[in-house]
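Written out below as structure tokens is the structure these notes cover.
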Amino acid sequence: MGLKKTGLMLAAVLALGACQNGGIFGDNGGRNAGQTPGGAIEESSLEYFATAIGDRVLFSVNEATLNADAKRILDAQVAWLNQYPERTIVIEGHADEQGTREYNLALGARRAASVRNYMVAAGLLETRLSIISYGKERPLEVCSSEACWSKNRRAVTVVAGGIGNV
Amino acid sequence: MNHFKTLLGAMLVLLAGMAGAQERPTIEIDVSGGNIEPVPLAVPQFIAETSGARRLSGDISSVILSDLVSTGLFREIPGTAHIAAINNFNAQPLFSDWSVVNAQALVTGAVSTGSDGRLVVKFRLFDVDAQLPIGDGVQYAGTQESWRRMAHKVADTIYSRITGESGYFDSRIVFISETGPKNDRRKRLAVMDYDGANLQYLTDESAIVLAPRFAPNTRDIIYTSYETGLPQVFLLNIDTGRRSQLLDDTTNMATAPRFSPDGTKVVMSIIDGSNTDIYQVDLNSRRRTRLTNSGGIDTTPSFSPDGSRIVFASDRGGSQQLYVMPASGGEARRISSGGGSYGTPVWSPRGDMIAFTKIRSGRFHIGVMRVDGSRENLLTASFIDEAPTWSPNGRVLMFFRETAGANGAPQIYSVDLTGRNLRRVDTPSFASDPDWSGVVR
């Protein structure tokens with residue numbers, strides 16, 4: 001009982017701790033939510049969306065244009081979202097650390113909007129999506145070279161809403 | 001008197017040297033390495049004239065000394081080298097005791113407490129070689145809690161008498177305190193004296209907070225917070241803790257707020273998807289007026305001290321450059337012309353200079369230029385040097401420097417307008433986004 005309680009409290013602390021930098025719908029939100037023991041990943045799960053389809057697209061330095069890879073991923077995202085019409089999404093735009101804070105916030109928004117515009121043009125209802133920019137506030141990779149920067153220049157589609165959403 | 005002219009002369013040369021520093025390399029300048037000879041200064045412990053003043057008299061003289069030495073314009077003659085003490089504030093110092101230890105400037109002082117508990121600090125400034133006072137003695141009175149401010153006021157007066165510039169020691173810094181690893185950084189709004197003392201946290205870690213700015217009254221702060229989920233602009237009064245969201249707008253992201261010089265308006269960026277434009281918000285009516293309408297990113301606006309113009313950064317022409325426009329909006333003129341990109345412009349309190357962040361070939365610099373874009377001078381260089389803010393007298397800049405790599409983290413630094421006297425400002429944790437208040441009234 002004592003141990004269990006400690007465990008729960010620890011979990012609560014961790015959850016609180018995750019607030020500023022991840023939130024409940026952060027980058028890794030629900031990554032393992034759909035895994036069944038020993039089974040394949042459930043296609044309706046957030047994990048499937050994040051790993052099998054790909055929840056992010058990457059950008060060139062100071063750019064917000066979508067390359068062919070990005071469009072392919074977004075097409076697959078839209079197809080998945082069409083299958084689960086109760087799902088809503090938040091598109092997070094991010095930048096690498098090479099720009100000033102305020103410029104990167106605007107650049108992240110430009111990237112998120114670029115994804116939004118593509119998805120809306122592909123037929124997704126605009127009411128199902130919203131965008132947010134984190135600029136350079138939430139790097140995924142921490143080294144200070146192109147190997148990391150290229151992964152941080154990203155727009156992440158975070159799925160929320162819907163029945164059974166965990 | 002003649003000798004004192006030497007002292008003044010040295011300072012004048014020093015100031016001329018400051019203006020002519022353009023050709024100097026701007027990286028990691030060593031204060032003692034330049035051709036400036038700091039003035040040797042002795043500040044013997046202030047006399048405690050009442051028993052109640054004993055606790056603070058030494059602290060007060062230490063803060064005065066620390067203020068003056070931190071400018072790089074003075075060199076401490078340490079107490080251990082002194083061969084005499086000052087025991088009577090009203091007696092003429094025995095100047096030979098101070099010239100023999102090579103002091104050129106001497107500050108004597110006394111501290112007393114009145115029956116009402118109020119603290120009185122008085123001081124005199126002397127030219128040791130000339131054996132003459134520099135100006136009259138001055139006396140400050142205040143609560144015991146305000147002893148640091150009184151020490152800063154004394155130092156401001158001394159600085160002002162010797163350099164001819166107004167002082168800046170009685171001022172505060174609002175900034176972002178940062179803890180945790182690079183990919184899980186926690187940010188809090190914090191305020192401290194310019195020298196790092198009296199640190200106070202203003203928000204908890206629950207939401208990302210960015211880029212706080214002082215109002216001209218030095219009591220109100222405006223900043224960006226993610227507490228609603230989106231980055232939006234908030235006002236906070238330091239004294240009352242009262243907080244309010246500037247606009248009741250739940251859909252747009254808003255960043256980069258800054259007060260107008262009269263404190264009645266705010267300029268900021270509103271991010272509408274792919275487009276970011278500059279708006280002005282009247283603080284009484286909270287009515288917003290759009291000032292720019294380009295397809296690019298227009299951000300980090302800063303008023304000229306007379307309130308007539310605004311400098312901002314924009315990528316409307318491709319790369320990020322600096323532009324100046326009338327405060328009511330209208331045609332913007334590009335002022336930056338060097339290679340690389342420019343951001344975070346801040347108009348100097350004197351009105352004649354713009355400080356900025358410059359990014360070129362993967363390096364960040366803090367630089368200054370004239371308002372027309374001429375005479376660009378880069379003061380620093382590192383992996384990331386960002387977001388300059390001016391001292392109240394326009395002689396010093398603070399900014400944050402972030403180190404590279406997985407363990408990279410920001411700290412606040414200060415540097416003279418000349419590029420000399422680069423110093424780290426001591427904070428208990430990582431720190432970024434400093435904003436320097438005006439002189440506290």
message: Being within 14 Å of chain A (Cβ to nearest Cβ), outside any strand (DSSP E or B) and touching a residue at least 40 places away in the same chain (Cβ under 8 Å) is the requirement here; does B:S294 meet it?
response: no
task: Would you mention how many residues in the stretch B:277-294 are aliphatic (A, V, I, L, M) and closer than 18 Å to A:L107 by Cα?
output: 1
message: Six or more apart or on different chains, Cβ atoms under 6 Å: show the pairs whose first residue is in the stretch A:48-74 and within 14 Å of chain B (Cβ to nearest Cβ) and whose second is buried (at least 16 other Cβ atoms within 10 Å of the Cβ) and charged (D, E, K, R).
response: A:F59/A:R111; A:F59/A:R153; A:A64/A:R110; A:A64/A:R111
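Condition check ((1) closer than 27 Å to B:W347 by Cβ; (2) of a type in the set (D, E, K, R); (3) surrounded by fewer than 23 Cβ atoms within 10 Å (Cβ to Cβ); (4) modelled with pLDDT under 95) across all residues:
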position: B:A155; (1), (2), (3), (4): yes, no, no, no
position: B:S166; (1), (2), (3), (4): yes, no, yes, yes
position: B:N183; (1), (2), (3), (4): no, no, yes, no
position: B:D193; (1), (2), (3), (4): yes, yes, yes, no
position: B:L199; (1), (2), (3), (4): no, no, yes, no
position: B:L202; (1), (2), (3), (4): yes, no, yes, no
position: B:D220; (1), (2), (3), (4): yes, yes, yes, no
position: B:L235; (1), (2), (3), (4): yes, no, yes, no
position: B:N252; (1), (2), (3), (4): yes, no, yes, yes
message: Which residue is farthest from the chain's Cα centre (by Cα), if the candidates are limited to the stretch B:124-139 and must be free of Cβ contacts under 8 Å to residues at least 24 places away in the same chain and crowded, with 16+ Cβ neighbours inside 10 Å?
response: B:P133
task: Within the stretch B:386-398, identify whether any single residue is of a type in the set (S, T, Y) and not in a loop (DSSP other than H, G, I, E, B), and answer yes or no.
output: yes
- request: Tally the residues that are small (G, A, S), closer than 18 Å to A:E137 by Cβ and in contact with a Phe, Trp or Tyr (Cβ under 8 Å, 6 or more places away or on another chain), restricting the search to the stretch B:389-441.
  value: 5
field: the stretch B:252-288, residues that are among the basic types (K, R) and either closer than 23 Å to B:S304 by Cβ or within 14 Å of chain A (Cβ to nearest Cβ) (or both)
entry: B:R258, B:K265, B:R287, B:R288
task: Return only the number of the condition from (1) within 30 Å of A:A106 (Cβ to Cβ); (2) surrounded by fewer than 20 Cβ atoms within 10 Å (Cβ to Cβ); (3) in contact with a helix residue (DSSP H, G or I) (Cβ under 8 Å, 6 or more places away or on another chain) that B:A211 does not satisfy.
output: (2)
task: For B:A404, state whether it is of a type in the set (A, V, I, L, M), at pLDDT 95 or above and assigned to a strand (DSSP E or B).
output: no
Candidate set from the stretch B:386-422 (those that are under 22 Å from B:R186 (Cβ atoms) and among the acidic types (D, E)); member that is surrounded by the fewest Cβ atoms within 10 Å (Cβ to Cβ): B:E402
Residue, farthest from the other protein chains (Cβ to nearest Cβ), within the stretch B:208-251, restricted to residues that are part of a strand (DSSP E or B) and over 20 Å from B:W436 (Cα atoms): B:S244
task: Could you look through the stretch B:282-298, keep only residues that are surrounded by 17 or more Cβ atoms within 10 Å (Cβ to Cβ) and more than 25 Å from B:P392 (Cβ to Cβ), and pick out the one that is nearest to the chain's Cα centre (by Cα)?
output: B:D298
query: Among the residues of the stretch B:226-244, which ones are of a type in the set (D, E, K, R) and over 16 Å from B:R286 (Cβ atoms)?
result: B:E227, B:D239
message: With the structure loaded, tell me whether B:A190 is among the small types (G, A, S) and under 16 Å from B:T389 (Cβ atoms) or whether it fails that test.
response: yes
- line: The residue that is farthest from the other protein chains (Cβ to nearest Cβ), considering only those in the stretch B:321-344 that are assigned to a strand (DSSP E or B) and either among the polar types (S, T, N, Q) or farther than 22 Å from B:R290 by Cβ (or both), is B:Q321
- prompt: Inside the stretch B:303-315, can you point out the residues that are of a type in the set (S, T, Y) and either at pLDDT below 95 or surrounded by fewer than 24 Cβ atoms within 10 Å (Cβ to Cβ) (or both)?
  reply: B:S304, B:S308
- line: Subset of the stretch A:90-125, residues more than 10 Å from chain B (Cβ to nearest Cβ), free of Cβ contacts under 8 Å to residues at least 12 places away in the same chain and touching a strand residue (DSSP E or B) at 6+ places or on another chain (Cβ under 8 Å), comes to A:V120
query: Considering only the stretch B:65-100, how many residues are surrounded by 12 or more Cβ atoms within 10 Å (Cβ to Cβ), in contact with a strand residue (DSSP E or B) (Cβ under 7 Å, 6 or more places away or on another chain) and farther than 17 Å from B:V154 by Cα?
result: 7
message: Suppose we keep only residues that are farther than 21 Å from B:L417 by Cβ and acidic (D, E) within the stretch B:309-359. Which one would you say is farthest from the chain's Cα centre (by Cα)?
response: B:E331
query: Within the stretch B:345-358, is there a residue that is surrounded by 23 or more Cβ atoms within 10 Å (Cβ to Cβ), away from chain A (no Cβ under 14 Å) and not in a loop (DSSP other than H, G, I, E, B)?
result: yes
- request: Could you list, in sequence order, all residues of the stretch B:423-441 that are under 27 Å from B:G351 (Cβ atoms) and surrounded by fewer than 22 Cβ atoms within 10 Å (Cβ to Cβ)?
  value: B:R423, B:V425, B:G438, B:V439, B:V440, B:R441
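The values are calculated or read from the model by the stated rules, or taken from the named source; none is laboratory data. Everything numeric in this text was worked out from a predicted model, so none of it was measured. Note that we place each Cβ from the backbone using ideal geometry, even for glycine, and neighbour counts take in every protein chain shown.
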